[in-house]
Every structure is written in C-alpha cells, then in structure tokens.
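Peer 1: Next up is a structure, given as structure tokens.
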Amino acid sequence: MLTNKKEQKIISVLIPKGALIGFGLGIIISAVSGFLLISMSDSSHVLEYVEGSSLSIITEKTNFKVGEDIIIRVVNSGSVPLVFPDSSYGLKIIGLDGTILYHPQSEKIISTLQPKEEKMFVWDQKKSNGIQVIDGRYKIVSNIIQKNGEKIEKSITINIFK
C-alpha cells in the first residue's frame, strides 16, 4: 500500500494513461483482425467461373480427422469443355514431398467435363495400396493437358489431424 502522494505520483509517471489506452486498443484490434483473417483464410469452398479453360478442386473444408471421408469435387470452372484421357479426371493425392499416395482406379476412356460440370470423388484417406495415411498435410491435385499443349493444374492442400 502506498503511504504518500509522492509515491503514487512516481508510479503514475512510469505508465502514462495514454500508453495504457493504446496498449488496450492494440490488443482488441489485433484480436478482431486475427479473427477476420482466420475466417477468410478457409477459401477452399469458393468457386469462381472464368472465361476460357479453367479447372478447380474443392473440398468441403481443409482440416479433417484421421479416417474421415474426404469429398473432392473436380469442377470445370471455365467456359470450354475439358477432355481427360481417363475416368480419374487427373485426380491424385500426393504428399508434400511429391510422392503420389493415391490415384483413383480409372478406365482408359476419354472423359469430358462440360463448363460448370463437376465430378465428385470420395477419398477414405487410404493410399492406393490400402494403407491408412498418417496425420499430416496432403495435396489434392488434378491436371489436364489440352490439345493445344496447354497444361492446366489445380491443387488444394488439406490437413489431417488425429
């Protein structure tokens, strides 16, 4: 307990009221900004259609529990048909080191996605050999090489947690 006014004045000089107010406002603004950035960062479900050739990969979220089915949509988000060499629509699941872990079984038939058309796949988080993947980050990729030689590739990174 402070015994005299001189000691109280010394303490109030050490921490000015303006600094306390600024510090408090800084904390509040940082918290609000962080919340807004986090809510905007999960844009995996956003789909924009464009003129020309475009391909999109969409999942319902980016964070999954181990063993949870992952619904993947391969979407023609352009204005021209996309022709794939097989029925897998170029879909692959790869580790961040580039190793292909899963590729859906497919028939060697030409598959076409018309503009705004989509193909849905469900991945059970198992590698092509049937072994469950471990928790970590994975990339879902789809690509196509068009007749004119143009390569279109899209990907999304997902997280799998225990």
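Peer 1: Which of the residues spanning region 107-139 are touching an Asp or Glu at 6+ places or on another chain (Cβ under 7 Å) and more than 27 Å from Asn63 (Cα to Cα)?
Peer 2: Glu107, Lys108, Ile109, Ser111
Peer 1: Which one is modelled with the lowest pLDDT, of the residues in region 13-42 that are of a type in the set (Ser, Thr, Tyr) and surrounded by 10 or more Cβ atoms within 10 Å (Cβ to Cβ)?
Peer 2: Per the stated criteria, the residue is Ser33.
Peer 1: Do you know which of the residues in region 132-146 that are among the aliphatic types (A, V, I, L, M) and assigned to a strand (DSSP E or B) is surrounded by the most Cβ atoms within 10 Å (Cβ to Cβ)?
Peer 2: Ile140
A quick yes/no check of all residues on (1) assigned to a strand (DSSP E or B); (2) closer than 21 Å to Val50 by Cα:
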| residue | (1), (2) |
| --- | --- |
| Val83 | yes, yes |
| Gly130 | no, no |
| Asn148 | no, yes |
| Thr157 | yes, no |
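Peer 1: Which residue is surrounded by the most Cβ atoms within 10 Å (Cβ to Cβ), if the candidates are limited to region 89-111 and must be in contact with a Ser or Thr (Cβ under 6 Å, 6 or more places away or on another chain), outside any loop (DSSP other than H, G, I, E, B) and without any contact (Cβ under 8 Å) to a residue 40 or more places away in the chain?
Peer 2: Tyr102
Peer 1: Next question, about the same structure. Being part of a strand (DSSP E or B) and surrounded by 12 or more Cβ atoms within 10 Å (Cβ to Cβ) is the filter here; which residues of region 112-124 pass it? Before you say what the answer is, go through the steps one by one.
Peer 2: Our first condition is that a residue be part of a strand (DSSP E or B); within region 112-124, this holds for 112-113, 118-123.
Of everything in region 112-124, those that are part of a strand (DSSP E or B) and surrounded by 12 or more Cβ atoms within 10 Å (Cβ to Cβ) turn out to be Leu113, Glu118, Lys119, Phe121, Trp123.
Peer 1: While we're on this one: Would you mind stating whether Ser79 is closer than 13 Å to Leu55 by Cβ and in a strand (DSSP E or B)?
Peer 2: no
The values are calculated or read from the model by the stated rules, or taken from the named source; none is laboratory data. Treat the numbers as computed from the prediction; the structure is a model and nothing was measured. Glycine gets a Cβ as well: all are built from the backbone with ideal geometry, and neighbour counts include every protein chain shown.
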